[in-house]
Amino acid sequence: MGYTISQKILKEHLLHGEMVAGNEIGIKIDQTLTQDATGTMAYLQFEAMNIDRVKTELSVAYIDHNTLQAGFENADDHRYIQTVTKKHGIRFSRPGNGICHQVHLERFAVPGKTLIGSDSHTPTAGGMGMLGFGAGGLDVAVAMGGGAYYITMPKIVKIELLGKLQDFVSAKDVILKVLKTLSVKGGVGKIIEYSGEGVLSLSVPQRATITNMGAELGATTSIFPSDEVTKKFLKAQGREQDFTPIFADKDAVYDESYVINLSQLSPMLACPHSPDNVKEVTELQGMKIDQVCIGSCTNSSLYDMLVVASILKGKKVHPNVSLSISPGSKQVYTMLANCGALSDMIDAGARILECACGPCIGMGFSPNSKGVSLRTFNRNFLARSGTADAEVYLVSPEVAAASCLNGVLTDPRTLGDFPIIVMPRKFVINDNMIELPANIEDAKDLEVLRGPNIKPIPVGKEMQENLSCKLLLKVGDDITTDHIMPAGTKVLPYRSNVPKLSEFCFTVCDKDFPNRAKELGGGIILGGLNYGQGSSREHAALVPLYLGVKCVVAKSFARIHTANLINFGILPVTLENPSDYDKINQDDDIEILGLKDAVNSKDSLVLHDLTNGEKIKLNLNLTTRQRKILLAGGLLNYTKKGEN
């Protein structure tokens, strides 16, 4: 029996375990990346391990999230990251150099290598044939220290692409079709592999758009083959030496298979407030819009920008629409300026933002109240835009550009002929905004600079024998990390200040949660299906830890959030009978006896609701290693004991 692409890469990097679906495996990590919303914590954790130099082939710190410097906090975090990376052997991508995933694809991603990043969209590198995983910052810190990265061996899903995209239909429409087919829960515990004749018609940036939003499926990661298209892209980036061909064996066996005919796709959009709430653009055509945002790590490549510029050229943005455009990298920005496309955007009335995540992470450009915003982004969760009652739709650059001209949702196929886009054979290469680390000898004398907003990391305590507490909060299905720990301009500056950050925890669901948690000394949270989907931000576990949350009970969990909860010593357990969810109410008195003993050696335990007398059976879906981490009070404690 042959191997899939993923299995080949995992086999080459396997350090622990057997590659059997459902088993825990530990793999060697070649590269890491961080961004500044999660990076400060990752580097504080790395420092806590007392390791002088990173052990990876390459580690890069990007500044792309918290670039709005309305106070000293973000600037201080950037200075800390700049100095700590220089000291410990990590490259530093300065503010303005671009969005981590776009820059990494251009300058660092290598077919056949492994990558983890403290950002859930790290699988973007799968467009290059690289196995990239989103992870919590603590997992990234451990990998930088030479430790293995542990995942549950996923099932492998094949999506065969046939045909070729029609004019004005894009890679964004492909992944929206996949989301409509599989849903935001459909990729949990799976790697998505793309194959078929249709793959050859997609460029590396187009493939990266598709693997980027694999995160919205809940997938462990997504990947394309490394082929002649990959080689062409690397050659244009001056990195042809990094090319390695990688294909699945002809007799590879997949757990699931789907077929998508690219030639049959139409422009699509994801409606509020979930990426899998997908419809055809024609179903809502003519809907009045207020705002259009083009960019993000999903759709900010040179090709996407050239298409947008061609559609806008010689025209004017509708007077009732505000248009922002964020090029994905300095390379893209420079090439747009050099060829005149940037002028076409500006002349049409676009507001050009810096090369950063910006509006996608709620960092500026929030819509008006009850505003309708079309965005080429990857997430449209409630209030993520910074406006609580906004209606955010996810669309392709083609739909976004056509709609901003007309003031209403527009099928771009009505524009006439598709613009002729000629991609350069050679990209502009200028890495002068990527700083190299100091050499080992010079690094010894370097000072790491910390601002007053950088506070110590909360550390978990060893697992207690029994648990008696309140049910602090009861929430529904598909609770995202944006619900647990919001982003945006008011919150992101405190990413390195957990006490301050705690004031915002779960306030999207319940404004009184932080105060109640503090008054009661912590407790338990009850969730529905797919609890913790979305971003990899470990703050969604770290801040509840600070507020005294000991355990989260849910019908099911998202992969990265489960790992983050365990990493910080919070026990994730599932209801054996999902209908028992209705038997437990917020503010009920809860008791779990024999907690430590169960975590040590059992597969289940009993939650006793003292308020109504119900006894609820819970499942412990934990590996031996995860049990040891929880008993130690988290991964940091476990690693300090030398057990990783």
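The values are calculated or read from the model by the stated rules, or taken from the named source; none is laboratory data. What you are looking at is a predicted structure, and each value in this text was computed from that prediction instead of being measured. When we count neighbours, we look across all protein chains shown, and the Cβ atoms used for this are built from the backbone with ideal geometry, even at glycine.
For the reader, a short list of remarks on this structure follows.
- Output for segment 220-233, where each listed residue is farther than 19 Å from residue 248 by Cα and either in contact (Cβ under 8 Å) with a residue 60 or more places away in the chain or of a type in the set (Val, Ile, Thr) (or both): 233
- Residue match in segment 158-166 (condition: surrounded by fewer than 23 Cβ atoms within 10 Å (Cβ to Cβ), within 21 Å of the chain's Cα centre (by Cα) and basic (Lys, Arg)): no
- Within the set 84, 169, the sole residue that is in contact (Cβ under 8 Å) with a residue 12 or more places away in the chain and in a helix (DSSP H, G or I) turns out to be 84.
- Selected residue (criterion: nearest to the chain's Cα centre (by Cα)) from residues of segment 510-547 that are closer than 15 Å to residue 474 by Cβ and assigned to a helix (DSSP H, G or I): 544
- Set 442, 431, 482: member being within 26 Å of residue 358 (Cβ to Cβ) and outside the structural domain of residue 550 (by TED's automatic domain parsing): 431
Table: residues versus (1) in contact (Cβ under 8 Å) with a residue 40 or more places away in the chain; (2) assigned by TED's automatic domain parsing to the domain that holds residue 499; (3) buried (at least 24 other Cβ atoms within 10 Å of the Cβ); (4) closer than 26 Å to residue 218 by Cβ.
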site	(1), (2), (3), (4)
516	yes, yes, no, no
532	yes, yes, yes, yes
537	yes, yes, yes, yes
552	no, yes, yes, yes
560	yes, yes, yes, yes
563	yes, yes, yes, yes
596	yes, yes, no, no
603	no, yes, no, yes
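- Selection count where residues are touching a helix residue (DSSP H, G or I) at 6+ places or on another chain (Cβ under 6 Å) and under 15 Å from residue 299 (Cβ atoms), scope segment 87-105: 3
- Residue 437 vs. criteria of a type outside the set (Ser, Thr, Tyr), surrounded by 15 or more Cβ atoms within 10 Å (Cβ to Cβ) and within 20 Å of residue 314 (Cβ to Cβ): no
- Test: residue in segment 492-505 that is closer than 26 Å to residue 123 by Cβ and at pLDDT 95 or above: no
- The single residue among 622, 545, 575, 595 that is in contact with a helix residue (DSSP H, G or I) (Cβ under 8 Å, 6 or more places away or on another chain) and under 30 Å from residue 456 (Cβ atoms) turns out to be 622.
- Qualifying residue in segment 368-376 (condition: out of contact with any Gly (no Cβ under 7 Å at 6 or more places or on another chain) and closer than 24 Å to residue 433 by Cα): no
- Of all residues making up segment 577-625, the number that are of a type in the set (Ser, Thr, Tyr) and part of a loop (DSSP other than H, G, I, E, B): 2
- Scanning segment 388-412 for residues that are in a loop (DSSP other than H, G, I, E, B) and either surrounded by fewer than 20 Cβ atoms within 10 Å (Cβ to Cβ) or basic (Lys, Arg) (or both) yields a count of 4.
- Scanning segment 19-43 for residues that are surrounded by fewer than 20 Cβ atoms within 10 Å (Cβ to Cβ), more than 15 Å from residue 148 (Cβ to Cβ) and out of contact with any Asp or Glu (no Cβ under 9 Å at 6 or more places or on another chain) returns 20, 22.
- Exactly one residue among 530, 466 is over 28 Å from residue 188 (Cα atoms) and polar (S, T, N, Q), and that residue is 466.
- Any hit, segment 549-560, residues being closer than 20 Å to residue 457 by Cα, touching a strand residue (DSSP E or B) at 6+ places or on another chain (Cβ under 9 Å), among the β-branched types (Val, Ile, Thr) and in a helix (DSSP H, G or I): yes
- Take the conditions (1) in contact with a strand residue (DSSP E or B) (Cβ under 6 Å, 6 or more places away or on another chain); (2) buried (at least 24 other Cβ atoms within 10 Å of the Cβ); (3) assigned to a helix (DSSP H, G or I); residue 105 misses just one of them, which is (1).
- Criterion (surrounded by fewer than 22 Cβ atoms within 10 Å (Cβ to Cβ) and not basic (Lys, Arg)) met by exactly one of 366, 385, 373, 329: 366
- Subset of segment 23-43 that is assigned to a helix (DSSP H, G or I) and in contact with a His (Cβ under 7 Å, 6 or more places away or on another chain) - its residue that is farthest from residue 498 (Cα to Cα): 36
- The criterion of at least 1 residues that are farther than 26 Å from residue 245 by Cα is met, among strands (runs of 3 or more DSSP E) falling completely within segment 118-165, by 149-152.
- Qualifying residue in segment 301-316 (condition: touching a Gly at 6+ places or on another chain (Cβ under 8 Å), part of a loop (DSSP other than H, G, I, E, B) and farther than 23 Å from residue 478 by Cα): yes
- Residues in segment 44-77 that are assigned to a helix (DSSP H, G or I) and either hydrophobic (A, V, I, L, M, F, W, C) or surrounded by 22 or more Cβ atoms within 10 Å (Cβ to Cβ) (or both): 44, 45, 46, 48, 72, 74, 75, 77.
- Test: residue 507 is in the same structural domain as residue 274 (by TED's automatic domain parsing), assigned to a loop (DSSP other than H, G, I, E, B) and of a type in the set (Val, Ile, Thr): no
- Here residue 335 meets each of (1) closer than 18 Å to residue 205 by Cα; (2) in contact with a Cys (Cβ under 9 Å, 6 or more places away or on another chain); (3) surrounded by fewer than 22 Cβ atoms within 10 Å (Cβ to Cβ); (4) not hydroxyl-bearing (Ser, Thr, Tyr) with one exception, condition (2).
- Qualifying residue in segment 341-361 (condition: touching a residue at least 60 places away in the same chain (Cβ under 8 Å) and among the hydroxyl-bearing types (Ser, Thr, Tyr)): no
- Residue match in segment 458-473 (condition: within 28 Å of residue 379 (Cβ to Cβ), in contact with a Lys or Arg (Cβ under 6 Å, 6 or more places away or on another chain) and in the same structural domain as residue 569 (by TED's automatic domain parsing)): no
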